[in-house]
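Undergrad: One structure, as structure tokens, below. Some questions next.
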Amino acid sequence: MLKIESAKVIVSCPGRNFVTLKIETKDGPYGVGDATLNGRELAVASYLSDHIVPCLIGRDAHRIEDIWQFLYRGAYWRRGPVTMTAIAAVDMALWDIKAKAAGMPLYQLLGGAARDGVLAYCHANGKTVEETVDDALRLKEKGYRAIRLQSGVPGLAATYGVAKGKLPYEPADADLPAENLWSSEKYLRSVPSLFEAGRDKLGADVHLLHDVHHRLTPIEAARLGRDVEPYRLFWLEDPVVADNQESFRLIRGHTTTPLAVGEVFNSIFDCKTLIEEQLIDYIRATVVHAGGITHVRRIAALADLYNVRTGFHGATDLSPVTMACALHVDLSLPNFGIQEHMAHCELTESVFPHAYKFENGYFHPGDTPGHGADIDEKQAARYPYKRAYLPVNRLEQGGAMTNW
Ligand code: CS2
Ligand code: MG
């Protein structure tokens, strides 16, 4: 028995907002979990401190599955991003404690390494095709073997996923949501030329990826999938919103471009049809927003039955604690596909010291006992929470919102 003595929620903004859970045990190690839900951070902080922490005190930290089921089934109100992010934070912290107590890096408890390193993709972006391809060439030089290309769209003032100035793009960029105009026609005209140039300049061996950010309708996405087929994409991500999982049947029927979806999913039920009908190639649901290590392993196991691989979300709004946990899972899974890596700023990195390392296109989670990531609480306290929102898109020809 490793008794949980205390649990605290740490909200801080070292470069951007993060919510972190720290669980301490009596006479044993502590564990750290990420609970960041971009733009809705305080809802999860409250769910944890007001509703979960009181239930954890006195429980045996070793009983990870039992605590997971208790929090999931026992709440009566199942699923949803806030609930599942809060449960994920507890789950990460408990796996951290168990692995520290065992004196092993977490991946050893998950069955050991199934590969030597974790293939990762990074983000290249620019206002024009030329700028984007130059950025990708720079990242290729740094060792990346897989690169996501996002470019500004001619005729649109701002495009999500593309930096505004010299600084890298930040998903939540304003204290009230910025409203951008969107045109699917302009976008659909511009993307094929980006990949034509990208394939030409970067060569055949680099994996190229693209994120649609859920902004198209199924038939528009089907057309885009077809139009980029000559450039052999690794994947086309979030072509449409997946509230109707059946939407993917239409896209799938028209294109052989591989499809990825799921960064906003929080449950296995969000992707059950997509996986069972083999409508996608990669599932992006990840540790922090989909119920932790315990639940994403369940999703991955289902996906494995249907030739679907993982491609865990890894943007900057997921803290280094999530990145660490994701890498341990990636290293151990039979059906790992690729891991997203969007580099954190130096301040974030220093507040969250971690054992994972990048070399030659691959990450390794490191061999520190636990998941290998931590929070420097003193430093974190110097950066108080700042309200920040993701932007909203409106259709150029009318007032309606796009899918986002
Ligand atoms: C993006 C993210 O990394 C990705 O694939 O879609 O930047 C995403 O928009 C943010 O994580 C939202 O919080
Ligand atoms: Mg995405």
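The values are calculated or read from the model by the stated rules, or taken from the named source; none is laboratory data. In this text the structure is predicted, and so the values were computed from the model without any measurement. Note that we place each Cβ from the backbone using ideal geometry, even for glycine, and neighbour counts take in every protein chain shown.
Undergrad: Working only within the stretch 199-215, note down all residues that are away from ligand 1 (no atom under 16 Å from the Cβ) and either within 26 Å of Val264 (Cβ to Cβ) or in a strand (DSSP E or B) (or both).
TA: Within the stretch 199-215, no residue meets the criteria.
Conditions (1) surrounded by 20 or more Cβ atoms within 10 Å (Cβ to Cβ); (2) closer than 30 Å to Phe18 by Cβ; (3) of a type in the set (D, E, K, R), marked per residue:
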| residue | (1), (2), (3) |
| --- | --- |
| Asp175 | no, yes, yes |
| Asn180 | no, yes, no |
| Arg189 | no, no, yes |
| Ser193 | no, no, no |
| Leu216 | yes, no, no |
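Undergrad: Would a scan of the stretch 51-64 turn up a residue that is touching a Phe, Trp or Tyr at 6+ places or on another chain (Cβ under 9 Å), in contact (Cβ under 8 Å) with a residue 40 or more places away in the chain and under 30 Å from Ala204 (Cβ atoms)?
TA: No, there is no match, as no residue in the stretch 51-64 is touching a Phe, Trp or Tyr at 6+ places or on another chain (Cβ under 9 Å), in contact (Cβ under 8 Å) with a residue 40 or more places away in the chain and under 30 Å from Ala204 (Cβ atoms).
Undergrad: Filter the stretch 385-401 down to residues that are over 29 Å from Val19 (Cα atoms) and outside any strand (DSSP E or B) and give me whichever is modelled with the highest pLDDT.
TA: Out of the qualifying residues, it is Glu396.
Undergrad: While we're on this one: Check off (1) crowded, with 17+ Cβ neighbours inside 10 Å; (2) part of a helix (DSSP H, G or I) for Asn125 and give me the number that stays unchecked.
TA: (2)
Undergrad: Picking from Thr294, Thr310, which residue would you name as being of a type outside the set (Lys, Arg), away from ligand 2 (no atom under 13 Å from the Cβ) and assigned to a helix (DSSP H, G or I)?
TA: None of the other options fit; the residue is Thr294.
Undergrad: Would you tally the residues in the stretch 336-357 being over 17 Å from the mean Cα position of the chain (by Cα) and either farther than 15 Å from Thr316 by Cβ or at pLDDT below 95 (or both)?
TA: 3
Undergrad: For the stretch 3-59, give me every one of the strands (runs of 3 or more DSSP E) that falls completely inside it and has 3 or more residues that are over 25 Å from the mean Cα position of the chain (by Cα).
TA: Here the list reads 4-12.
Undergrad: A follow-up question, please. Is it the case that some residue within the stretch 278-300 is away from ligand 1 (no atom under 16 Å from the Cβ), crowded, with 22+ Cβ neighbours inside 10 Å and closer than 30 Å to Ser193 by Cβ?
TA: Scanning the stretch 278-300 turns up at least one residue that is away from ligand 1 (no atom under 16 Å from the Cβ), crowded, with 22+ Cβ neighbours inside 10 Å and closer than 30 Å to Ser193 by Cβ.
Undergrad: Is it fair to say Tyr144 is assigned to a loop (DSSP other than H, G, I, E, B) and either surrounded by 20 or more Cβ atoms within 10 Å (Cβ to Cβ) or in contact with a Gly (Cβ under 6 Å, 6 or more places away or on another chain) (or both)?
TA: It is true that Tyr144 is assigned to a loop (DSSP other than H, G, I, E, B) and either surrounded by 20 or more Cβ atoms within 10 Å (Cβ to Cβ) or in contact with a Gly (Cβ under 6 Å, 6 or more places away or on another chain) (or both).
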